[in-house]
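All remarks here apply to the structure that follows.
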Amino acid sequence: MWGEIVDFAYWVVVGLFLIGFFGVLTDTNLIKIAIGLNIMEASLLLLLVRLAFSPGDSPPIVSEGILNYADPVPQALTLTAIVIGASTTALLLSFIIKTYKYYGSVDLKEIRRMER
Amino acid sequence: MIRKSVALVILAILGLLVMGGLAELPLPAERMSESVTSRHILSEGVSDTGAVNLVTAVLFDYRGFDTLGEATVIFAAAAGVVLLFFRHDLPTSRLGLSSLAKRSIMVLAPFVFVTGLYIVMFGHVTPGGGFQGGVVWATLTILLCIVYGTAFEWRFINTRTKTLLESLGAIAFILLGLVGIYRGDFFLSNIAAGFRAGVPGELTSGGAIPLLNLAIGLKVAAGLALIFYNMVKKDVG
Amino acid sequence: MHESMLTGILLVFLLVTAVFAVATRYVLHAVLSLSIFGILLSVLFVMYQAPDVAMAEAVVGAGLMTALFVVTISKTTNRDDSA
């Protein structure tokens with residue numbers, strides 16, 4: 001079933017996704033949760049760029065005498081995803097700052113205790 | 001402890017599912033030979049758009065409308081951050097770092113600015129483009145804020161300038177897109193709307209792509225700098 | 001051969017920095033580890049022949065995100081130990 005995945009990079013993609021998800025599930029600090037989300041996002045960027053590449057390719061900048069190029073479409077999508085990820089993370093961090101102003105803490109346990 | 005073990009069980013199930021999904025993916029070489037889009041862009045991209053860098057060609061020509069949507073996301077994020085902190089005040093600190101740091105950053109800043117400009121303007125010839133160069137400009141303003149203190153920022157590159165630059169970038173992008181409709185073609189069409197393709201590999205090639213790069217660069221730089229300065233703001237009371 | 005070895009080493013270090021960023025108790029250490037993670041990821045993008053993406057990841061992941069996270073940390077700690 002998994003015989004076709006010979007490249008180590010795919011395993012790293014799965015590993016990074018699971019590590020980030022573990023952080024999101026178990027951490028109680030909101031900033032650590034944001035870091036976990038960033039790692040999950042980075043694993044998907046790595047998957048897209050790895051999918052665009054097969055050994056022996058050149059970067060997709062056309063010059064004479066080169067026949068094999070990496071696929072430019074997933075790379076353009078990755079570029080879009082990076083910039084959007086940065087701006088949405090900035091919005092998330094501003095919400096965390098606002099949460100701190102309101103509760104005086106960024107720890108989910110303490111916030112839950114105050115809510116009660 | 002219970003929380004962590006439950007999380008590990010969930011992760012194990014998810015991991016098996018994800019690996020099963022990855023096993024179904026086609027290998028890169030197979031996918032390339034099947035994908036009509038990729039093959040067309042690789043063989044006809046340069047003659048279609050005049051840009052040598054195919055990633056930029058995809059971003060600003062084939063999927064230009066997508067890039068406009070992305071610029072809208074950045075605008076929405078910046079607007080959200082500004083709305084969250086609009087009651088707060090920028091602390092006017094004149095302290096900054098030592099005078100040694102201030103001197104050397106003044107030597108360094110023009111070079112960083114020109115590097116950003118190069119990355120933006122040569123986006124269709126070499127790796128780079130509006131997004132990367134725009135982020136370089138944004139980090140330049142962050143550097144100036146850290147070294148000189150926020151009073152410098154307040155006097156020279158204040159919020160009104162950044163809002164103006166961001167709106168200017170967005171309006172320029174849309175106007176360049178409307179040129180296509182005016183010439184009787186689609187929104188954001190490039191060579192078909194009468195922009196000159198030029199000699200591939202030169203600065204003036206690529207039709208409207210360098211101008212679109214500049215507009216996106218201004219917009220990204222102003223948007224991200226706006227986000228940073230609004231997060232630095234202090235609670236007034 | 002050498003290229004694939006370098007790629008493998010970079011991938012292993014990517015995993016190490018990610019595990020450290022999630023496992024450490026100190027938030028500042030996690031943020032600095034995330035910055036190293038971004039740099040390693042951008043070198044990997046160069047190895048996978050995507051220079052545009054590598055440039056964006058280097059500037060965003062190592063520069064801008066670190067600045068934003070550090071601002072957030074300094075805003076969410078007590079007044080007496082923040083500048």
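Among the residues of the stretch A:25-50 satisfying the criterion of being more than 9 Å from chain C (Cβ to nearest Cβ) and of a type in the set (Val, Ile, Thr), which is nearest to A:Thr78 (Cα to Cα)?
Checking each candidate, the answer is A:Ile33.
Considering only the stretch B:52-65, I want to know if a residue exists there that is among the polar types (S, T, N, Q), within 26 Å of the chain's Cα centre (by Cα) and crowded, with 21+ Cβ neighbours inside 10 Å. Before you say what the answer is, go through the steps one by one.
In the first step, residues of the stretch B:52-65 are kept if they are among the polar types (S, T, N, Q); the result is B:53, B:56.
Then drop every residue that is not within 26 Å of the chain's Cα centre (by Cα), which leaves B:53, B:56.
Next cut, crowded, with 21+ Cβ neighbours inside 10 Å only: B:53, B:56.
For the stretch B:52-65, residues among the polar types (S, T, N, Q), within 26 Å of the chain's Cα centre (by Cα) and crowded, with 21+ Cβ neighbours inside 10 Å: present.
Consider the stretch A:88-103. How many of its residues are open to solvent by 50 Å² or more (accessible area, probe 1.4 Å) and either at the interface with chain C (Cβ under 9 Å from one of its Cβ atoms) or not β-branched (Val, Ile, Thr) (or both)? Before the answer, list the steps.
We begin by selecting, within the stretch A:88-103, every residue open to solvent by 50 Å² or more (accessible area, probe 1.4 Å); these are A:88, A:92, A:95, A:98, A:101-103.
Among the residues that remain, those that are also either at the interface with chain C (Cβ under 9 Å from one of its Cβ atoms) or not β-branched (Val, Ile, Thr) (or both) are: A:92, A:95, A:98, A:101-103.
The number of residues fulfilling the criteria is 6.
Output the qualifying pairs, or none if there are none: Cβ atoms under 6 angstrom, residues six or more apart or on different chains, first residue in the stretch B:49-73 and farther than 23 Å from B:Ser167 by Cβ and within 7 Å of another protein chain (Cβ to nearest Cβ), second residue of a type in the set (D, E, K, R) and in a helix (DSSP H, G or I).
Going by the 6 Å Cβ cut-off, the qualifying pairs are B:Val55/C:Asp52.
Among (1) touching a Pro at 6+ places or on another chain (Cβ under 6 Å); (2) among the small types (Gly, Ala, Ser); (3) open to solvent by 20 Å² or more (accessible area, probe 1.4 Å), where does A:Ala70 come up short?
(3)
Which condition number does B:Ile74 fail, the rest of (1) closer than 20 Å to A:Leu48 by Cα; (2) surrounded by 20 or more Cβ atoms within 10 Å (Cβ to Cβ) being met?
Single failed check for B:Ile74: (1).
If I go through the stretch B:21-44 residue by residue, how many of them are within 7 Å of another protein chain (Cβ to nearest Cβ) and among the small types (Gly, Ala, Ser)?
3
Can you report the number of residues in the stretch B:158-193 which are free of Cβ contacts under 8 Å to residues at least 12 places away in the same chain, outside any helix (DSSP H, G or I) and not basic (Lys, Arg)?
Selection size over the stretch B:158-193: 5.
Which condition does A:Phe22 not pass, out of (1) open to solvent by 30 Å² or more (accessible area, probe 1.4 Å); (2) closer than 25 Å to B:Phe65 by Cβ; (3) within 7 Å of another protein chain (Cβ to nearest Cβ), if it passes all the others?
(2)
Look at the stretch B:152-195 and say how many of its residues are open to solvent by 70 Å² or more (accessible area, probe 1.4 Å), modelled with pLDDT of 80 or more and not β-branched (Val, Ile, Thr).
8
Quick test of your reading of the structure: B:Val114 fulfils all but one of (1) β-branched (Val, Ile, Thr); (2) surrounded by 15 or more Cβ atoms within 10 Å (Cβ to Cβ); (3) out of contact with any strand residue (DSSP E or B) (no Cβ under 8 Å at 6 or more places or on another chain). Name the failing condition by number.
(2)
Scan the stretch B:196-219 residue by residue and report those that are modelled with pLDDT of 90 or more, polar (S, T, N, Q) and open to solvent by 70 Å² or more (accessible area, probe 1.4 Å).
Residues satisfying the conditions do not exist here.
Taking the stretch B:104-155 on its own, how many of its residues are over 12 Å from the mean Cα position of the chain (by Cα), of a type in the set (Gly, Ala, Ser) and under 19 Å from A:Ala86 (Cα atoms)?
Number of matching residues: 0.
The values are calculated or read from the model by the stated rules, or taken from the named source; none is laboratory data. In this text, all values refer to a predicted model and were calculated from it rather than measured experimentally. Please note: Cβ atoms are built from the backbone with ideal geometry, for glycine as well, and neighbour counts cover all protein chains shown. Accessible surface is based on the protein model in full, side chains and every heavy atom, while ligands, DNA and RNA are left aside. Shrake-Rupley method; radii C 1.70, N 1.55, O 1.52, S 1.80 Å.
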